[in-house]
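Worksheet: the structure to be examined is printed underneath.
FYI, it's all coordinate maths here, none of it is from the lab. As the structure is a computational prediction, the values presented were derived from the model and not from experiment. For neighbour counting, all protein chains shown are included, and Cβ atoms are generated from backbone atoms with ideal geometry for every residue, glycine included.
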Amino acid sequence: MFVLTHNIYFHKEVTFDKKRSSATARSDETFWVVRKTSQRSELVPFVENPIKSSYELLWREVRQKPPSDTAIQNVMRRILEHYFKFYGGITPEDIIDKFGGKDKMICSTLLSWVNDGSHFATDDLYMACDPGQVDRYLNVFQRIFEESDHGGHFKMMMGDDYVELPTEEAHEIDVASVKPEDA
């Protein structure tokens, strides 16, 4: 069976298969894109479904190793804006209150854009941060989903790149086991 379409939503529905790995097509399927180059059409094969929504592309940025130190904060804000506005009923204030210290400030920063509603070109300013800050932002980003009882969505979107955050107790043990000379 050949399915040709320009409709991304139709394509996503027709090709959805919960048994498919996010990395490759199943053995009984192939994905192709028809591209017109010069005066002829060309069939380009893909090992995975090449059609992605803008939301999926944002998540691809989050999964990128190493993450972009200039764009990752903006990417996380856009994901949170889309997801929590789409599902509604979750107030940023309730999520922010579940955090403390610097993590609360990071959470507030990430969620502040969600209620903004209107955006301008200057809203997409980028601020570079060091790798340690990027990791902390990514951890808080993951905890936002977990603390709002949407950890399953985070896990699904991260796919094979999902890493469970250590519990507070495990983190305290790790910190306690570090020798002063290693710090």
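Among Val3, Val14, the order by Cβ neighbours within 10 angstrom, fewest to most, reads Val3, Val14. In µm²/s, what is D for the range 51-96 at 20 °C and 1.002 mPa s, where D = kT/(6 pi eta Rh) by Stokes-Einstein and Rh is the Kirkwood radius from Cα pairs? The estimated diffusion coefficient comes to 184 µm²/s.
At a Förster distance of 30 Å, what's the computed FRET efficiency of Asp161 paired with Ile8, Cβ-Cβ distance as r, to 0.05?
For Asp161 and Ile8, the calculated efficiency is 0.80.
Exposure proxy check: Met156, Met76 ranked by fewest other beta carbons within 10 Å? Walk me through the intermediate numbers first.
On the way: Met156 11, Met76 25.
Least crowded to most crowded, the residues run Met156, Met76.
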